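The values are calculated or read from the model by the stated rules, or taken from the named source; none is laboratory data. In this text the structure is predicted, and so the values were computed from the model without any measurement. Because the Cβ atoms are built from the backbone with ideal geometry, glycine has one as well, and the counts that use them run over all protein chains shown. We work out accessible area using only protein heavy atoms, side chains counted, and drop any ligands, DNA or RNA first. Shrake-Rupley method; radii C 1.70, N 1.55, O 1.52, S 1.80 Å.
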Amino acid sequence: MSQVYSVAVVVGSLRKESFNRKVARALAELAPSNLKLTIVEIGDLPLYNEDIDVDPPAAYKTFREQVRTSDAVLFVTPEYNRSVPGVLKNAIDVGSRPYGQSAWSGKPGAVISVSPGAVGGFGANHHLRQSLVFLDVPCMQQPEAYIGGAATLFDDNGKLSEKVRPFLQGFIDKYAVWVERHQA
Ligand SMILES: Cc1cc2nc3c(=O)[nH]c(=O)nc-3n(C[C@H](O)[C@H](O)[C@H](O)COP(=O)(O)O)c2cc1C
């Protein structure tokens with residue numbers, strides 16, 4: 001049997017009816033059998049503060065461990081004011097410390113941005129990629145994924161639109177290849 005890779009999925013929205021969370025769930029269902037996607041929660045992480053990190057809160061420790069023990073990381077995020085939502089940046093910062101022990105380091109990654117607007121979160125997507133370069137997360141280049149028109153992606157029963165399904169399928173299939181290729 002081929003190896004199954006665990007993927008920590010970080011969703012950049014805390015909203016109950018988040019389009020990004022719905023897309024993350026859809027990707028988990030579409031994923032090929034060698035990827036297991038799990039959403040890692042970031043809503044209870046205290047704002048990063050080096051003072052409290054001297055004796056890290058339980059939420060920091062749990063989050064770092066979840067990322068560290070995953071084989072790969074996938075970011076699904078909205079755009080806030082043409083950048084990354086604060087909650088997501090906070091999670092990235094928490095995972096990056098203590099200095100020299102970043103949980104992100106070397107994990108193959110990918111970014112997908114989802115917005116009701118037409119631009120599909122392009123700004124957030126690329127600001128996030130800037131941090132991932134520094135964090136040594138090899139980030140899949142293609143296909144780029146800026147999903148606009150988020151309000152039309154799911155019907156009233158939560159079923160994914162056939163218009164976007166082939167794109168998401170192609171994205172997650174390509175990511176599975178990327179994850180396998182970048183295992184240490
Ligand atoms: C503070 C704030 C800033 C926002 N800025 C942007 C933006 O720059 N670009 C954009 O496309 N949408 C922006 N939006 C709209 C979000 O894309 C929209 O609320 C989206 O539904 C959030 O993603 P979610 O459904 O996963 O929660 C913003 C929303 C908020 C609350």
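Does segment 157-171 contain at least one residue that is among the β-branched types (Val, Ile, Thr), in contact with a Cys (Cβ under 7 Å, 6 or more places away or on another chain) and modelled with pLDDT of 95 or more?
First, the residues of segment 157-171 that are among the β-branched types (Val, Ile, Thr): 164.
Checking which are in contact with a Cys (Cβ under 7 Å, 6 or more places away or on another chain) leaves us with none.
No, that holds for no residue.
Working only within segment 127-161, note down all residues that are closer than 26 Å to Val179 by Cβ and of a type in the set (D, E, K, R).
Arg129, Asp136, Glu144
Just to be sure I understand, how many residues within segment 39-70 are under 27 Å from Val4 (Cα atoms) and in a loop (DSSP other than H, G, I, E, B)?
So the count comes out to 5.
Can you find a residue in segment 124-141 that is within 13 Å of the ligand (Cβ to nearest atom) and open to solvent by 10 Å² or more (accessible area, probe 1.4 Å)?
yes
Going by the structure shown, is Arg15 assigned to a loop (DSSP other than H, G, I, E, B), within 16 Å of the ligand (Cβ to nearest atom) and open to solvent by 60 Å² or more (accessible area, probe 1.4 Å)? First the steps, then the outcome.
Numbers: assigned to a loop (DSSP other than H, G, I, E, B): yes; within 16 Å of the ligand (Cβ to nearest atom): yes; open to solvent by 60 Å² or more (accessible area, probe 1.4 Å): yes.
Answer is yes for this residue.
Determine whether segment 87-110 contains at least one residue that is within 9 Å of the ligand (Cβ to nearest atom), open to solvent by less than 30 Å² (accessible area, probe 1.4 Å), out of contact with any Cys (no Cβ under 9 Å at 6 or more places or on another chain) and part of a loop (DSSP other than H, G, I, E, B).
The answer is no, given that none of the residues of segment 87-110 is within 9 Å of the ligand (Cβ to nearest atom), open to solvent by less than 30 Å² (accessible area, probe 1.4 Å), out of contact with any Cys (no Cβ under 9 Å at 6 or more places or on another chain) and part of a loop (DSSP other than H, G, I, E, B).
Please find, among Tyr5, Tyr48, the residue that is closer than 22 Å to Tyr80 by Cα, among the aromatic types (Phe, Trp, Tyr) and more than 14 Å from the ligand (Cβ to nearest atom).
Numbers: Tyr5 fails: closer than 22 Å to Tyr80 by Cα.
Going through Tyr5, Tyr48 in turn, just one is closer than 22 Å to Tyr80 by Cα, among the aromatic types (Phe, Trp, Tyr) and more than 14 Å from the ligand (Cβ to nearest atom): Tyr48.
Just the residues that are more than 18 Å from Val67 (Cα to Cα) and hydroxyl-bearing (Ser, Thr, Tyr), please, taken from segment 14-39.
Selection gives Ser18, Ser33.
Step by step: first the residues of segment 149-180, then only those that are open to solvent by 30 Å² or more (accessible area, probe 1.4 Å) and within 15 Å of the ligand (Cβ to nearest atom), then the one that is farthest from Pro116 (Cα to Cα). Which residue is that?
Gly158
Kindly indicate whether Arg181 is under 29 Å from Arg68 (Cβ atoms) and either touching a residue at least 40 places away in the same chain (Cβ under 8 Å) or touching a Phe, Trp or Tyr at 6+ places or on another chain (Cβ under 8 Å) (or both). It would help to see each step written out before you state the result.
Details: under 29 Å from Arg68 (Cβ atoms): yes; either touching a residue at least 40 places away in the same chain (Cβ under 8 Å) or touching a Phe, Trp or Tyr at 6+ places or on another chain (Cβ under 8 Å) (or both): yes.
Here the answer is yes, as Arg181 does meet what is asked.
Looking at (1) in a loop (DSSP other than H, G, I, E, B); (2) within 16 Å of the ligand (Cβ to nearest atom); (3) under 20 Å from Leu128 (Cβ atoms), find the lone condition where Val23 falls short.
Status for Val23: all satisfied but (1).
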